[in-house]
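Structure first, then comments.
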Amino acid sequence: GQSIDTSMGFTPLAGVTMGTRSGDIDPSLVAYLMKKLDVPDVGQMIHILNNDSGLLGISGISNDMRDLEADEDTKPRAKLALDIFVNRVVKYVGSYAALMDGVDVNVFTAGIGENGDEIRDKIMRSLDYLGAKIDNDINNKSHGVEADLSTPDSTVKTLLVPTNEELMIVRDVMALS
């Protein structure tokens with residue numbers, strides 16, 4: 001019931017690789033890329049890291065998970081983008097599990113979490129050491145609806161919980177007024 005950490009840092013650039021945002025990178029990469037890409041100022045580099053990186057930059061195709069999954073068997077960069085995304089999510093969940101001495105529940109939400117049954121499956125296969133197992137039939141049928149994806153023998157629950165991001169933004173704005 002209490003937050004202990006977040007994958008984002010000072011800005012949303014830190015954390016898990018996202019659709020167009022880089023996620024965690026080595027700080028020295030910024031200077032290297034500026035030189036390699038002939039980027040004249042830091043503001044332009046920050047724009048690239050926010051808008052032209054992440055799944056889009058790695059794949060060279062799209063920031064949409066569905067497009068990458070459709071191309072993963074024929075385009076190596078699409079597969080690489082998916083593999084990096086899964087790797088980063090698994091690393092973060094693993095680090096949080098270590099901080100909390102285990103987990104009780106894994107929750108998938110928002111666009112990819114709500115609709116990406118293939119990505120959920122890939123992530124959960126790497127987290128079975130935690131005791132979290134998902135029912136493939138339920139996982140494959142669950143898109144954008146609340147669902148318990150756990151198998152009966154799972155010691156950690158895995159839930160799909162839809163979110164209304166626009167409503168949450170409006171509520172946050174109204175709370176500031």
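The values are calculated or read from the model by the stated rules, or taken from the named source; none is laboratory data. Everything numeric in this text was worked out from a predicted model, so none of it was measured. All Cβ positions, glycine included, derive from the backbone under ideal geometry; neighbour counts span all protein chains shown. We work out accessible area using only protein heavy atoms, side chains counted, and drop any ligands, DNA or RNA first. Shrake-Rupley method; radii C 1.70, N 1.55, O 1.52, S 1.80 Å.
Name the pairs: first residue in segment 144-171 and of a type in the set (Lys, Arg), second residue in a strand (DSSP E or B), Cβ to Cβ under 7 Å, at least 6 apart or on different chains?
Cβ pairs passing all conditions: 157/105; 157/148; 157/150.
Taking segment 95-123 on its own, how many of its residues are open to solvent by less than 20 Å² (accessible area, probe 1.4 Å) and more than 28 Å from residue 166 (Cβ to Cβ)?
Total meeting the criteria: 1.
Looking at (1) in the same structural domain as residue 153 (by the TED database); (2) surrounded by 14 or more Cβ atoms within 10 Å (Cβ to Cβ); (3) among the aliphatic types (A, V, I, L, M), can you tell me which one residue 84 breaks?
(1)
Output yes when any residue across segment 135-151 is more than 25 Å from residue 100 (Cβ to Cβ), open to solvent by less than 60 Å² (accessible area, probe 1.4 Å) and in contact with a strand residue (DSSP E or B) (Cβ under 8 Å, 6 or more places away or on another chain), and no when none is. Give the derivation first.
We begin by selecting, within segment 135-151, every residue more than 25 Å from residue 100 (Cβ to Cβ); these are 136-138, 140-145.
The next check asks that each one be open to solvent by less than 60 Å² (accessible area, probe 1.4 Å); those that pass are 142, 144.
Keeping just the survivors that are in contact with a strand residue (DSSP E or B) (Cβ under 8 Å, 6 or more places away or on another chain) gives 142.
There is at least one residue in segment 135-151 that is more than 25 Å from residue 100 (Cβ to Cβ), open to solvent by less than 60 Å² (accessible area, probe 1.4 Å) and in contact with a strand residue (DSSP E or B) (Cβ under 8 Å, 6 or more places away or on another chain).
Can you tell me which residue within segment 10-54, out of those that are charged (D, E, K, R) and within 17 Å of residue 89 (Cβ to Cβ), is surrounded by the most Cβ atoms within 10 Å (Cβ to Cβ)?
Within segment 10-54, the first condition is being charged (D, E, K, R), and the residues that meet it are 21, 24, 26, 35-36, 38, 41, 52.
Applying the additional criterion that residues be within 17 Å of residue 89 (Cβ to Cβ) yields 21, 24.
On the way: 21: 23, 24: 14.
So, considering only residues that are charged (D, E, K, R) and within 17 Å of residue 89 (Cβ to Cβ), the one surrounded by the most Cβ atoms within 10 Å (Cβ to Cβ) is 21.
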